[in-house]
Amino acid sequence: MNNSHFKLSMQNIVKEFPGVKALDKVNFEIEQGKIMALIGANGAGKSTLMNILGGIHQQDTGEILINGKIITIKDPLDASKKGIAFVHQELTALSKLRIMDNMLINDYPTKLGLIDDSEAKVICKKILKRIGSDLAPEDLMEDIGPGDQQMIEIARALVHKPKLILFDEPTSSLSKKEKDNLFKVIKKLREDGVAVVYITHLLDEIYGLCDEVMVMRNGRVVSSGLIDEFPKDRIICDLSGEDGRKKNVTKKSFIVKDDVVLVVEDLNRSGILHDINLSLNKGEVLGIWGLMGSGRTELVRALVGLDPIESGTIYSICDGHKKQIAPHDLRQLVGLVTEDRRNEGLFQPMTVAINLSIANLKAFLGKSGVFIDRKKEKNEVEKTIKKLNIVVSSQSQQVRTLSGGNQQKVILGRWLQRNPELFFLDEPIKGIDVNAKAEVKNIIHELTISGKSILIISSEIEELLGFCDRYLVMNRGSITAEFPHTATKEQLMEASLSAREKGIMQ
Ligand SMILES: Nc1ncnc2c1ncn2[C@@H]1O[C@H](COP(=O)(O)OP(=O)(O)OP(=O)(O)O)[C@@H](O)[C@H]1O
Ligand SMILES: [Mg+2]
């Protein structure tokens with residue numbers, strides 16, 4: 001596919017944003033037929049480096065060379081003309097449009113000045129086939145799952161026959177099967193002579209997939225080389241600048257008081273949730289495990305009234321008093337971390353301070369009861385930033401300019417400030433680095449010691465194991481099994497598959 005050998009290098013790249021040097025003299029090199037893992041803690045500068053290659057930002061100083069020739073990358077269109085394609089950290093699909101519209105958005109083929117739908121279909125079919133997808137170009141984006149949407153992002157990237165593809169945390173919303181498929185596609189791209197940069201926090205993923213690795217810390221390259229020279233311990237050590245061992249999560253005692261605080265009875269949402277019954281104890285971490293699409297997120301959304309329910313009763317129990325409660329009233333009692341931080345969790349153009357304190361403004365009312373005590377607010381915000389190690393240049397930095405993982409921490413921080421009795425956490429550790437995961441789990445643990453109750457969903461089964469007091473398994477909108485804290489990965493996986501899926505997976 002690529003006739004001439006392709007090699008791209010970045011030399012002495014510096015990029016400053018107000019208050020932060022995101023990249024400090026970074027050198028980087030990749031050539032065709034190689035997959036490079038780009039690793040680093042939240043805020044290390046990975047996305048910024050790739051955004052420069054993708055034409056989203058320009059470097060302040062430093063040079064980019066393709067095959068030894070200095071180039072400039074003016075904007076994303078220019079990047080794609082130069083053979084660089086970007087698959088982003090968050091899915092960016094236009095859901096109301098067809099797959100083919102999403103794929104060809106800038107490049108729709110025309111005939112005599114008119115849109116040529118049949119040619120568009122041919123182009124799309126060919127690319128979809130190349131990545132092993134049997135989706136139809138005419139399907140609507142909103143009708144396909146996150147894994148397939150991710151595939152369309154890749155298909156879109158392939159329209160321009162790129163020589164370099166940048167993947168920024170592509171697997172954070174994929175199931176195991178979809179991940180395996182993605183890795184197959186990436187390896188096939190390597191065979192075709194494409195160069196790939198792969199950003200992830202899931203270190204286990206990179207072995208068996210990547211050829212090379214580069215580790216960044218605080219805007220600098222700490223180390224790079226062949227993946228074989230980088231066992232996991234070394235990477236963790238390099239990215240955090242600390243001892244290589246993974247930070248320990250405080251060992252849980254798994255003694256939960258038999259003191260129920262929340263009961264859900266026969267909750268139904270037609271076609272989505274079926275006869276959900278559950279209870280949550282004081283000081284308990286209740287893990288909800290299930291495959292993508294099993295109804296985990298839908299359950300949490302229904303409980304707090306974000307989606308309507310057809311039937312069911314929820315009771316909250318406080319000091320022995322059992323009281324029926326409507327979902328939208330329950331929402332007032334719950335610290336809710338949603339999976340979709342971009343659309344539901346954050347006020348993107350607002351400051352970090354506002355995003356952290358918004359759920360807790362009442363606590364900052366001054367003596368007058370009308371005005372916010374800004375000093376108090378500032379102190380609390382500072383405490384939360386410290387507690388969660390959120391990388392910010394100042395409290396007034398806009399949330400949209402934080403790194404992905406730090407945005408996630410802001411959502412969690414908001415609810416820590418509010419200090420509710422219940423926390424519903426949907427993928428709270430998605431997109432955060434290895435050390436931060438341990439930190440967040442320690443914070444959750446502390447919450448339970450102070451009597452808070454946690455309902456947690458995570459697609460990272462290894463992170464849940466040994467951490468929850470109890471597990472509920474969901475499949476197709478129903479709770480199909482319950483396990484104590486001793487549950488194994490095999491037990492949870494097995495229980496999350498229906499008979500039909502078991503047949504397929506064998
Ligand atoms: N547009 C911007 N304006 C201001 N600061 C920014 C902007 N984009 C990035 N930054 C800052 O640059 C630093 C590096 O961020 P970057 O997004 O590159 O990190 P990252 O390594 O991708 O982290 P993560 O793993 O959390 O995604 C962070 O301190 C971030 O807040
Ligand atoms: Mg990033």
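Using the alpha-carbon positions of the chain, Rg (one decimal) and Dmax (whole number) come out as 23.9, 75 Å.
For the stretch 93-157, a Kirkwood hydrodynamic radius built from all Cα pairs, placed in the Stokes-Einstein relation at 25 °C and 0.890 mPa s, yields a translational diffusion coefficient of 210 µm²/s.
For the stretch 51-69, backbone nitrogen atoms closer than 20 Å to the point 7 Å from residue 75 Cα along Cα-to-C-beta are found at 51-60. The ellipsoid that matches the Cα gyration tensor of the stretch 1-111 has semi-axes, each √(5λ) in whole angstrom, of 26, 19, 14, with the longest given first. When a 1.4 Å probe is rolled over the protein heavy atoms, the share of accessible surface on the stretch 7-240 that falls to carbon and sulfur comes to 50 percent. Could you work out the relative contact order of the stretch 7-240, using alpha carbon pairs under 8 angstrom and six or more residues apart, expressed as a whole percent? Relative contact order here is 29 percent.
Among the listed pairs 81/111; 7/81; 15/74; 176/441, which have their C-alpha atoms separated by more than 18 angstrom in this model? Over 18 Å apart, Cα to Cα: 81/111; 176/441. Cross-link partners of residue 376 among lysines, defined as those whose alpha carbon lies under 17 angstrom from its own and excluding same-chain residues fewer than eight positions apart: 362, 367, 386, 387. The share of accessible area on the stretch 341-419 that comes from carbon and sulfur is 53 percent, using a 1.4 angstrom probe.
The stretch 276-319 and the stretch 117-146 have Cα centres separated by 36 Å. Evaluate the Debye formula for the stretch 296-352 with equal point scatterers sitting on the alpha carbons, no solvent, and hand back log10 of I(q)/I(0) at q = 0.23, 0.26, 0.29 Å⁻¹, in q order, two decimals. Rounded to two decimals, the profile gives -0.96, -1.10, -1.24.
Each other residue within a Cβ distance under 10 Å of residue 312 adds +1 if Lys or Arg and -1 if Asp or Glu, for a net charge of -3. Its Kirkwood hydrodynamic radius, worked out from the mean inverse distance over all distinct Cα pairs, puts the stretch 341-419 at 12.5 Å. Per the Kirkwood formula on distinct C-alpha pairs, the Rh of the stretch 47-90 is how many angstrom? So the Kirkwood estimate lands at 10.7 Å. All other residues whose Cβ lies under 11 angstrom from that of residue 360 are scored, Lys and Arg at +1 and Asp and Glu at -1, for a net of +2.
Using a cutoff of 8 angstrom between alpha carbon atoms and counting only pairs six or more residues apart, the relative contact order for the chain works out to 16 percent.
What the chain shows is 46 Å² of accessible area per residue, with the surface traced by a 1.4 Å probe over protein heavy atoms.
Counted over the chain, the DSSP beta bridges are approximately 60% antiparallel. Taking all protein chains as they are arranged and a probe of 1.4 Å, the heavy atoms of residue 371 leave approximately 140 Å² accessible to solvent. When the P(r) of the stretch 71-119 is calculated, the portion above 18 Å amounts to 48% of the C-alpha pairs. Based on Cα contacts under 8 Å between residues 6+ apart, the stretch 357-434 shows a relative contact order of 32 percent. Within straight-line reach of residue 96, meaning a Cα separation under 18 Å, sit the following lysines at least 8 residues removed in sequence or on another chain: 121.
The convex hull built on the alpha-carbon positions of the stretch 7-240 has an orientation-averaged projected area of 13.2 nm². Residue order by solvent-accessible surface for 318, 210 is 318, 210, largest first, with ligands and nucleic acids left out and a 1.4 Å probe. Rg over Rh for the stretch 42-160 works out to 1.03, both radii taken from alpha-carbon positions and Rh defined as the Kirkwood radius.
The values are calculated or read from the model by the stated rules, or taken from the named source; none is laboratory data. Every value quoted in this text rests on a predicted model; they were computed, and no experiment measured them. We place every Cβ from the backbone using ideal geometry, glycine too, and count neighbours over all the protein chains shown. Keep in mind that these areas ignore ligands, DNA and RNA; they rest on the heavy atoms of the full protein, side chains included. Shrake-Rupley method; radii C 1.70, N 1.55, O 1.52, S 1.80 Å.
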